[in-house]
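Colleague: Following this message is one structure expressed as structure tokens.
The values are calculated or read from the model by the stated rules, or taken from the named source; none is laboratory data. Just so it is clear, the structure is predicted and the values come from calculations on it, not from any experiment. Because the Cβ atoms are built from the backbone with ideal geometry, glycine has one as well, and the counts that use them run over all protein chains shown.
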Ligand SMILES: O=C(O)CCC(=O)C(=O)O
Ligand SMILES: [Fe+2]
């Protein structure tokens, strides 16, 4: 994939003394308490307590992003974890509960920032329904199209395009980076396609199968969808390189539009190698993302991101009636 910088990410730098103070305050609030004993709702209540400890400028900027996304559909917060944060060995599975202490404090910090965008949630079918999941390499999964991959490229996708109620935002907090693994993203507003191709992609000529990271029955039907939607000024996208195709396999026009979209995404790509303390937040309706290959060692030092997904609609959240919908 090409890497260009045709639309900058808003980067918010947290000063090192602010990160140290915040980390100490979380340590004081939580101590050695095991947050795993909390229900998902109680965990988010605790995150709201931490939210009030965040630097005021950071809170203003994240709320500004939610309201107007003034500089784009992705924001990158840097320096959220202080150098002094001593994190344990990288988790070995997406659903592995972090031990009490710093790793749990990091998961709470992720929820404390992202709760400004809505309600952190997860589907019951994904990674045991955990609200904060580990994005870590897993043995034998190196070439899958899931967060557990490593040697293989994780290609362009939106989170859970197969669900109508997919998340509005996702947040990825880096606990441990890998210099080879670049997070990539492309904003749909940056893609350059002819109006004919766009018109095709706006028609419900496609369908998408469930993401393989979910544990679901084999007979879940494919979801019909238009890849592009929304107004011309503020387009939205649902995309998945591997799990989306034209409904009619003879529909060559739909297939060609899809192929050209893939090329346009590569051209619009922005790339960032996540480092410890980076928190990347993207709008899942307006941004497609990917990750480049890296080599896993499986020795506790591998790349480790924590992810949470956010429902920005209070109405959708109330309809679910739970933080872990089926
Ligand atoms: O590891 C990453 O950078 C992203 C992982 C991801 O996109 C996913 O699991 O859906
Ligand atoms: Fe993803």
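Colleague: Do we find that residue 119 is surrounded by fewer than 18 Cβ atoms within 10 Å (Cβ to Cβ), at pLDDT 95 or above and at negative phi in this structure?
Modeller: Criteria not met by residue 119.
Colleague: All but one of (1) under 17 Å from the mean Cα position of the chain (by Cα); (2) part of a loop (DSSP other than H, G, I, E, B) hold for residue 218; which doesn't?
Modeller: So the condition that residue 218 fails would be (1).
Colleague: Go through region 86-101 and give me each residue that's over 19 Å from residue 39 (Cβ atoms) and crowded, with 20+ Cβ neighbours inside 10 Å.
Modeller: 90, 91, 94, listed by residue number.
Colleague: Another question, if that's okay. List the residue pairs whose Cβ atoms are under 8 Å apart, where the first residue sits in region 160-172 and is free of Cβ contacts under 8 Å to residues at least 60 places away in the same chain, the second is more than 13 Å from ligand 1 (Cβ to nearest atom) and in a strand (DSSP E or B), and the two are 6 or more positions apart or on different chains.
Modeller: Correct list of pairs: 164/223.
Colleague: Another question, then. Could you pull out the residue among 18, 86, 49, 71 that is over 30 Å from residue 297 (Cα atoms), part of a loop (DSSP other than H, G, I, E, B) and in contact with a helix residue (DSSP H, G or I) (Cβ under 9 Å, 6 or more places away or on another chain)?
Modeller: Testing whether each residue is over 30 Å from residue 297 (Cα atoms), part of a loop (DSSP other than H, G, I, E, B) and in contact with a helix residue (DSSP H, G or I) (Cβ under 9 Å, 6 or more places away or on another chain) leaves just 71.
Colleague: Scan region 176-213 for residues that are out of contact with any helix residue (DSSP H, G or I) (no Cβ under 9 Å at 6 or more places or on another chain) and farther than 30 Å from residue 80 by Cα and jot them down.
Modeller: Within region 176-213, 195, 202, 204, 207, 208, 209, 210, 211, 212 qualify.
Colleague: Kindly establish whether residue 173 is more than 14 Å from the chain's Cα centre (by Cα), modelled with pLDDT of 95 or more, on the phi < 0 side of the Ramachandran plot and away from ligand 2 (no atom under 13 Å from the Cβ).
Modeller: no
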